[in-house]
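First up is the structure itself, then whatever we jot down about it.
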Amino acid sequence: MNVRSWIKCLGISLSLVMSASLFIPSALAATYRLPVDGSHVAGKLQRHQVKAGETFALLAKDYDVGLLSLIAANRGVDPFLPEEGEVLTIPNRFILPLAKQQGIVVNLAELRLYYFDPDGEHVHVFPVGIGRIGRETPQMVTSISSMIEAPTWTPPKSIRMAYEEDGIELPEVVPAGPDNPLGEYAMRLRYGAGQYLIHGTNKDFGIGLRVSSGCIRMEPEDIKWLFERVGRGTRVQIVNQPIKMAVEPDSSVFIESHEPLTARDGMKQTFDWPLELQVWLDNDGLENYAETYSKVTGVIQIQTGMPIMVHDGSHH
């Protein structure tokens, strides 16, 4: 059973869910050195020993990772009542998305935003909330058209009507302040009528989940950090890559698999294996093709959201 279905089975709405040594959360845990020498695997897995009263929602915020990512990396552990003393995996190791390493890259499938530092040596990684089913965040290559501090919110008619169905009357313009769902900072994207933003939030939930009306939502501290480092014209690429592959310099191969997004009809979006994965399997002359193929299939099905080695380069 996939993570989203598992949460729904508990009768809880997603929109209301709030090296390998023991690790203490750090405010700078989202910054990593870019791999060198042709490598595409970055970051590091971290461990956390559960203390009394901790939940996955609290830990996701402490470590600045997505809630669904944390659940996927620790299958079998109750995210609401994890056992005290349980050692959890914090999924902060990843394969870089197949995209130009410039500006901002958002991979919808992993609910994660990458900001490639202009120094060419670091990448900063943050969990994000994206569009819910029926209001999907589109894939695009674009740029930031405007930077907005203390934004106002002009909810479109469709959103006001949706709120009215729940008995809530929204004003035509919501002023800046604590009641504004855009938070304190927003960056408008150059796409269509410019209705898509990367913005903060005034809520305690929604990061690392599909809950927005199509915009990309970030934690208040994260959007402030990013807002201070980018500007108009910064490149933004939004992709949807549930499967990522890395062939490392030593010829070892890693696969990272995420749960595919659900489409408007409630079905999982269909997707093909990355072309480079198909080519590698078909043309690499593996000694034990069937065993490797089975391992690759297993990693893709398990969907832990973490890089897993499927081929040791020393055994070609």
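Some observations on this one:
- Residues whose amide H lies under 5 Å from that of Ile216, counting only those 5 or more places away or on a different chain, are Leu197, Ile198, His199; hydrogens are built 1.01 Å from N in the peptide plane.
- Span from the the range 195-263 Cα centroid across to the the range 79-146 one, whole angstrom: 3 Å
- Across the options Gln237, Ile148, Met309, the greatest Cα extent toward the positive end of the charge dipole of the chain (unit charges at beta carbon of Lys, Arg, Asp, Glu) belongs to Ile148.
- Once backbone amide H atoms are built at 1.01 Å from N, His122 has Leu34, Asp117 as its partners under 5 Å, excluding neighbours fewer than 5 places away on the same chain.
- Phi angles of the range 94-106 translate, via the Karplus equation with coefficients 6.51, -1.76, 1.60 and θ = phi - 60°, into HN-Hα couplings of 7, 8, 5, x, 7, 7, 5, 7, 8, x, 9, 10, 10 Hz per residue; Gly and Pro are given as x.
- Structure-derived P(r) over Cα pairs in 10 Å bins from 0, in percent - corresponding label in (1) 5, 26, 34, 24, 9, 2, 0; (2) 6, 24, 30, 23, 14, 4, 0; (3) 6, 25, 32, 19, 6, 4, 4, 3, 1, 0: (1)
- Ordering Val105, Gly85, His40 by the projection of their Cα atoms onto the charge dipole of the chain, which places +1 on the Cβ of Lys and Arg and -1 on the Cβ of Asp and Glu, puts Val105 at the extreme positive end.
- Taking max minus min of the alpha-carbon positions on each principal axis, the range 103-239 gives extents of 50, 29, 28 Å, largest first.
Quick note: the coordinates plus some simple rules give every number you see, no bench work behind them. All values reported here derive from a predicted model rather than from experimental measurement. Counting neighbours? That spans all protein chains shown, and the Cβs are built from the backbone with ideal geometry, glycine included.
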